[in-house]
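The next block holds one structure in the form of structure tokens; read it before the comments.
The values are calculated or read from the model by the stated rules, or taken from the named source; none is laboratory data. All values reported here derive from a predicted model rather than from experimental measurement. Cβ: placed from backbone, ideal geometry, glycine included. Neighbour counts: every protein chain shown. What goes into the accessible areas is simple: the full protein's heavy atoms, side chains included, and nothing from ligands, DNA or RNA. Shrake-Rupley method; radii C 1.70, N 1.55, O 1.52, S 1.80 Å.
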Amino acid sequence: MSTPARGPVQEDELPGIGRRFTFPLPDDGQLCVVIHHTGRRDLYVTPDPDEDTAVVSIEDDEARRIGAV
């Protein structure tokens, strides 16, 4: 059974790239969102430390549509 995610969202400046926001997920996983200066977003999902990271890149308008859901 999954445990609830805990902890604050961590925000980091990525010089020359943009900003990264890291969200804790249940069972020690994490979701990182990198917002580039160009408006592109990269989503990195690591379900747990023993699994590979999945990456999805979306443009600004796509991110806004997803955020509206």
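Restricting attention to the range 27-52, which residues are surrounded by 11 or more Cβ atoms within 10 Å (Cβ to Cβ), in a loop (DSSP other than H, G, I, E, B) and in contact with a strand residue (DSSP E or B) (Cβ under 7 Å, 6 or more places away or on another chain)?
Residues satisfying the conditions are Gly29, Arg40.
Hey, can you tell me all the residues within the range 14-26 that are open to solvent by less than 50 Å² (accessible area, probe 1.4 Å) and of a type in the set (Lys, Arg)?
none
Tell me which residues, restricted to the range 29-51, are among the hydrophobic types (A, V, I, L, M, F, W, C) and either in contact with a Pro (Cβ under 6 Å, 6 or more places away or on another chain) or under 9 Å from Gly18 (Cβ atoms) (or both).
Result: Val34, Ile35.
In the range 53-69, which residues are open to solvent by 70 Å² or more (accessible area, probe 1.4 Å) and assigned to a helix (DSSP H, G or I)?
Asp61, Glu62, Arg64, Arg65, Ile66
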